[in-house]
Amino acid sequence: MPNQRLRDSLLRNGLSLEHVANTTGVDPKTVERWITKDRTPYPRHRHAISTLVGETEAYLWPNALASETKKEINESEVVQVYAHRHSITQDVWAHLLSQAKLNVSILVYSGMFLTDNPALIRTMRQKAEDGVKIRLLLGDPASREVARRSEEEGIGKGTLAAKVRNALAFFKPLAETGHAEVRCHKTTLYNSIYRFDDEMLVNTHVHGFMAGHAPVLHLRRLSGGDLFETYAESFQGVWDAAKPPKW
């Protein structure tokens, strides 16, 4: 079977077989076989291509790494574990946002705690003007998923929906000026995701607890790792199914 992930990554980046061949020091026919016959390149070639297209080796060649090596890499992707989201300092949030150069992607139901930062809109606007792609995914306030999560948190059926509407109003100026793309989802979330380039905070959802009291994984993407990539793909799946909000 062809390696569709590799093919798609090269096409999205406008890379020809010749360009990849020159970068890796192989013949274009070899590159073609990597794609059409799903041949696995040597590690040095995988690393070069991974850097070239901005994808991990684990994504492009899921079966290339030995299980023990992948286990070590996956463990190394965990930078820190927080017992509660509220224990993450504002300095950590500010650092992650400030260092982002390409991508800020947020998947939540409401994320109202983010609005405690009075400079957030201004910072995101500046980031967007500097070329950072900002994607914000909030829950659909009219959805049964938001109502169910509100009840699971023990805050009443309509409380979370009201928070979502407040968050949408907060982020609306960014959407109106084209500084961010905002969508609403009808997904049962098991985690909230906050991605800043190759770093990510994954806030688990625990039945009976508000998200601020649930654990958080701080992840850093490593070539060859699966953990970061799993949550990145999860975000993309929700994003693809989501719709623009009804302001």
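Readers should treat all values here as calculations from the given coordinates under stated rules, not as data from a laboratory. The structure displayed is predicted, hence computed values, not measured ones. Reconstructed Cβ throughout: ideal geometry from the backbone, glycine too, with neighbour counts over all protein chains shown.
Numbers at a glance
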read-out: Ordering of 91-97, 146-152 by packing [mean C-beta count within 10 Å, highest first]; value: 146-152, 91-97
read-out: Per-residue [θ]222 nm for the chain (sum of -39500 (n - 2.57) over DSSP H runs n ≥ 4, rounded to 500); value: -13500 deg cm²/dmol
read-out: Under the Karplus curve 6.51 cos²θ - 1.76 cosθ + 1.60, θ = phi - 60°, whole-Hz ³J(HN,Hα) for region 113-127, x wherever Gly or Pro sits; value: 4, 5, 6, 5, 8, x, 9, 4, 4, 4, 5, 5, 4, 5, 4
read-out: Inter-label distance for R39 and R220, nm, one decimal - labels placed 7 Å from Cα along Cα-to-Cβ; value: 3.6 nm
read-out: Relative contact order of the chain, pairs being alpha-carbon contacts under 8 Å that are 6 or more residues apart, as %; value: 23 percent
read-out: For region 4-64, the Rg and Dmax computed from alpha carbons only, in angstrom; value: 10.0, 25
read-out: Added length on full extension, which subtracts the Cα-Cα distance from 0.36 nm per residue, E145 to R7; value: 46.1 nm
read-out: Distant-in-sequence amide H partners of H84 (H built 1.01 Å from N, under 5 Å); value: V216
read-out: Cβ-based charge dipole, region 4-64, positive-most Cα from T56, N22, Y42; value: Y42
read-out: Alpha carbon centroid spacing (whole Å) that separates region 153-222 from region 226-247; value: 11 Å
read-out: Folded to 0 to 90 degrees: helix 227-241 orientation relative to the chain principal axis, Cα; value: 70 degrees
read-out: For region 40-46, Karplus couplings with θ = phi - 60° (6.51, -1.76, 1.60), whole Hz, Gly/Pro x; value: 8, x, 5, x, 5, 6, 4
read-out: Packing-based order for 153-163, 103-113, using average beta carbon neighbours within 10 Å, highest first; value: 103-113, 153-163
read-out: Net dipole in debye of the chain [+1 Lys, Arg Cβ; -1 Asp, Glu Cβ; about Cα centre; nearest 20]; value: 620 debye
read-out: Backbone HN-Hα couplings from phi across region 73-81 [Karplus 6.51/-1.76/1.60, Hz, Gly and Pro as x]; value: 5, 4, 5, 6, 6, 7, 7, 6, 10
read-out: Percent antiparallel among DSSP beta bridges (both partners in the chain, rounded to 5); value: 65 percent
read-out: Rel. contact order, % - alpha carbon contacts under 8 angstrom, at least six apart, region 4-64; value: 34 percent
read-out: Cα-only radius of gyration and Dmax that characterise the chain, units Å; value: 19.9, 63
read-out: Mean Cβ neighbour count within 10 Å, used as a protection proxy, ranking 223-230, 27-34 highest first; value: 223-230, 27-34
read-out: Over 27 Å (Cα to Cα) - which of K29/K101; K127/K157; K71/K133; K71/K127; K127/K246; K29/K133 fall in this group; value: K29/K101; K127/K157; K71/K133; K71/K127; K29/K133
